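Heads up, the thing below is written out as structure tokens.
The values are calculated or read from the model by the stated rules, or taken from the named source; none is laboratory data. In this text, all values refer to a predicted model and were calculated from it rather than measured experimentally. Heads up, the Cβs are rebuilt from the backbone with ideal geometry, glycines too, and the neighbour counts pull from every protein chain shown.
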Amino acid sequence: MAHPDCRHSHDLGAALQLTHGDFHHGNLFFNAGRVSAVIDWEQTALLPRAYEAIRAATYMFDLQRDPTVAFLSSWLQVTGASADELTEGAMAFSVVRDHWVWPLEEVYLSGNDRARRYIPAAPYEPFSLLRAEIQMGL
């Protein structure tokens, strides 16, 4: 968090709405090819709607450029959102992601070794830098 590019707050200019906070394919139930239920609502918050798209893409594709760009391009097209709205969501997500210490607390304070998989093996890089690479492809 001491990295000079790590943002510690974000003034949300985008409209806020109730978001799931952990929306991804693993929290969806399907029936006959359609979503029939959404589970795991413990991270619900008022955030820009694009926060959810950025977080889902990050979780599902681990920031692999091609699938992330394809997903976010489709999200922009389907929702009619602007590139500025997507940037707002990404900025909000970067503050949350860069300060997410849950896996560290779970592993080192609570002895929950199952959370170790959420601790990156790579050196820390602020999400804002990773986001810039992805958005260049949009």
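Just one of the numbered conditions (1) at pLDDT below 80; (2) in a helix (DSSP H, G or I) is not true of Gly137; which one?
Tallying (1) at pLDDT below 80; (2) in a helix (DSSP H, G or I), Gly137 fails exactly one: (2).
For region 62-86, give me each residue that is over 25 Å from Trp102 (Cα atoms), touching a helix residue (DSSP H, G or I) at 6+ places or on another chain (Cβ under 8 Å) and in a helix (DSSP H, G or I).
Answer for region 62-86, where residues must be over 25 Å from Trp102 (Cα atoms), touching a helix residue (DSSP H, G or I) at 6+ places or on another chain (Cβ under 8 Å) and in a helix (DSSP H, G or I): Arg65, Pro67, Val69, Phe71, Leu72, Trp75, Leu76, Thr79, Ala83, Glu85, Leu86.
Out of Tyr59, Tyr51, report the one residue that is at pLDDT below 90, in a helix (DSSP H, G or I), closer than 19 Å to Phe23 by Cα and touching an Asp or Glu at 6+ places or on another chain (Cβ under 9 Å). Quick ask: steps written out before the conclusion?
Values: Tyr51 fails: at pLDDT below 90.
Tyr59 is the lone residue from the list that is at pLDDT below 90, in a helix (DSSP H, G or I), closer than 19 Å to Phe23 by Cα and touching an Asp or Glu at 6+ places or on another chain (Cβ under 9 Å).
Kindly indicate the residue of region 7-28 that is exposed (fewer than 12 other Cβ atoms within 10 Å of the Cβ) and assigned to a loop (DSSP other than H, G, I, E, B) and also modelled with the lowest pLDDT among those meeting that condition.
Gly13
Return yes when Gly33 is of a type in the set (Gly, Ala, Ser) and on the phi > 0 side of the Ramachandran plot and no when it is not. Break it down into steps so the answer makes sense when it comes.
Values: of a type in the set (Gly, Ala, Ser): yes; on the phi > 0 side of the Ramachandran plot: yes.
It is true that Gly33 is of a type in the set (Gly, Ala, Ser) and on the phi > 0 side of the Ramachandran plot.
In region 48-86, what count of residues is obtained for those that are among the hydrophobic types (A, V, I, L, M, F, W, C), surrounded by 13 or more Cβ atoms within 10 Å (Cβ to Cβ) and without any contact (Cβ under 8 Å) to a residue 12 or more places away in the chain? I'd like the intermediate steps shown before the answer.
First, the residues of region 48-86 that are among the hydrophobic types (A, V, I, L, M, F, W, C): 50, 53-54, 56-57, 60-61, 63, 69-72, 75-76, 78, 81, 83, 86.
Those still in the list that are surrounded by 13 or more Cβ atoms within 10 Å (Cβ to Cβ) too: 50, 53-54, 56-57, 60-61, 63, 69-72, 75-76, 81, 86.
Next, only the ones that are without any contact (Cβ under 8 Å) to a residue 12 or more places away in the chain stay: 61, 70.
Counting residues in region 48-86 that are among the hydrophobic types (A, V, I, L, M, F, W, C), surrounded by 13 or more Cβ atoms within 10 Å (Cβ to Cβ) and without any contact (Cβ under 8 Å) to a residue 12 or more places away in the chain gives 2.
Restrict the check to region 108-117 and report whether at least one residue is modelled with pLDDT of 85 or more and of a type in the set (A, V, I, L, M).
Residues of region 108-117 that are modelled with pLDDT of 85 or more, as a first pass: 108-117.
Retained after the next criterion (residues that are of a type in the set (A, V, I, L, M)): 109, 115.
So far as region 108-117 goes, yes, one or more of its residues are modelled with pLDDT of 85 or more and of a type in the set (A, V, I, L, M).
Identify the residue in region 87-99 that is hydrophobic (A, V, I, L, M, F, W, C) and out of contact with any strand residue (DSSP E or B) (no Cβ under 9 Å at 6 or more places or on another chain) and, among all such residues, is surrounded by the most Cβ atoms within 10 Å (Cβ to Cβ). Outline the logic, then answer.
Here is the first cut: in region 87-99, the residues hydrophobic (A, V, I, L, M, F, W, C) are 90-93, 95-96.
This time we only want the ones that are out of contact with any strand residue (DSSP E or B) (no Cβ under 9 Å at 6 or more places or on another chain), so: 90-91, 95.
Numbers: Ala90: 27, Met91: 22, Val95: 18.
Applying the filter and picking the extreme gives Ala90.
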